Amino acid sequence: MEYQPNILASTLASKKTFSFALLFPEPISPEAYWNKPMIGVRQAFQEIQQYGVNIDIHLFKQSDPETFSNEAGLILESNPEGVVLAPFFSRESKEFIGELKNRDIPYVFIDSNIKDSDKLSYIGQDSFQSGTLAAKLLDYSIPENASILILHFAKELDNMNHLVQREKGFYEYFSKASGKKNLITLEIADPNDLGCQNRIIEQIQSNTNIKGIFVTNSQVYYLGRILELINRQDIRVIGHDLIRENIEFLNKGVVDFLICQRPEEQGYRAIQTLFDHLVLRKEVNSENYTSIDIITKENLEYYK
């Protein structure tokens, strides 16, 4: 008769509960990027909570890998059925997922991917390809022999996989491009520190050939404030993510392009993927790339 049981009905009848753990960076402000995936998480939770799903949220500081390890330890103590995590710090993330693997706990990456891991799935942008796109946009936008500044607002850059991949994609493009560009990389640990701000100003003012700047994360608004301060409106600027501070500088014309990755969708799909695997027992894709969107002042109003 080709009968198939209704798994959702069976789950409701059995009153079994499923515990999901979430490990995300703590947003640095009410308008910051990491508030956005939580919108998608809440939407997914509203849809699946009736099937006995609970979500335990853990947040770590973006400037402190130790807080990641501490929260990861709390998750292991609770022994959830599944985990969604942003592998923000490569070393600490690999230690954590090693423990998850030992306990046979499936995990889903969001925002950043770790290749050759035994993840259940990755939900997010192709960071390498995002960096390549940024390079191409600047290559088209500035003179052939100009210099480009790659600006990382990050502490311990080598431990931040998604930023490293964006930089690799950027350099890879220019290694094959016909026109020559001088690429300069600058790492800034604390954009609020006056000394760090002066390093950026000195780099720009000492190299008048810098005609383009690529900011590898969502904190391009820090650069926008500096460019306004030194009255440099002649530099093409590319950053990431549609947050309020970045939109302000996009509308002013200080930032030319924002590369966006639909973080709300990432949060929703990450929770839904765990649900499909654990509750519905469906097969899920191991790689789920979200779109790489280019937002300008001209199309901002129409972007959803």
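The values are calculated or read from the model by the stated rules, or taken from the named source; none is laboratory data. Keep in mind the model is a prediction, meaning the values are calculated, not measured. For neighbour counting, all protein chains shown are included, and Cβ atoms are generated from backbone atoms with ideal geometry for every residue, glycine included.
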Is it fair to say Y268 is crowded, with 19+ Cβ neighbours inside 10 Å and assigned by TED's automatic domain parsing to the domain that holds I204?
no
Counting only strands (runs of 3 or more DSSP E) entirely within the stretch 128-241, those with at least 1 residues that are basic (K, R) and either more than 20 Å from D293 (Cβ to Cβ) or assigned by TED's automatic domain parsing to the domain that holds S117 (or both) are 210-215
Answer yes or no as to whether F249 is surrounded by 17 or more Cβ atoms within 10 Å (Cβ to Cβ), aromatic (F, W, Y) and outside the structural domain of L85 (by TED's automatic domain parsing).
yes
Among the residues of the stretch 49-75, the number that are in contact with a strand residue (DSSP E or B) (Cβ under 9 Å, 6 or more places away or on another chain) and surrounded by 16 or more Cβ atoms within 10 Å (Cβ to Cβ) is 13
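Which residues, counting only those in the stretch 22-60, are of a type in the set (F, W, Y) and at pLDDT below 95?
Y33, W34, Y51 - these are the residues of the stretch 22-60 that are of a type in the set (F, W, Y) and at pLDDT below 95.
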Could you say whether any residue in the stretch 243-253 is under 25 Å from K168 (Cα atoms) and in a loop (DSSP other than H, G, I, E, B)?
yes
Name, by its number, the condition in (1) modelled with pLDDT under 95; (2) among the polar types (S, T, N, Q); (3) surrounded by fewer than 13 Cβ atoms within 10 Å (Cβ to Cβ) that does not hold for N288.
(3)
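Go through the residues of the stretch 81-98 one by one and say whether even a single one is out of contact with any strand residue (DSSP E or B) (no Cβ under 8 Å at 6 or more places or on another chain), over 25 Å from K155 (Cα atoms) and without any contact (Cβ under 8 Å) to a residue 40 or more places away in the chain. Please lay out each step first, then the result.
Of all residues in the stretch 81-98, those out of contact with any strand residue (DSSP E or B) (no Cβ under 8 Å at 6 or more places or on another chain) come to 89-92, 94-95, 98.
Now restrict to residues that are over 25 Å from K155 (Cα atoms): none.
No: the stretch 81-98 contains no residue that is out of contact with any strand residue (DSSP E or B) (no Cβ under 8 Å at 6 or more places or on another chain), over 25 Å from K155 (Cα atoms) and without any contact (Cβ under 8 Å) to a residue 40 or more places away in the chain.
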Test of understanding: among S19, S78, S69, S112, which residue is at pLDDT 95 or above and in contact with a Pro (Cβ under 6 Å, 6 or more places away or on another chain)?
S19
Number of positions in the stretch 48-66 that are free of Cβ contacts under 8 Å to residues at least 12 places away in the same chain and not acidic (D, E)
1
Scope the stretch 135-188; condition under 18 Å from R91 (Cβ atoms) and among the polar types (S, T, N, Q); matching residues:
N159, N161, Q165
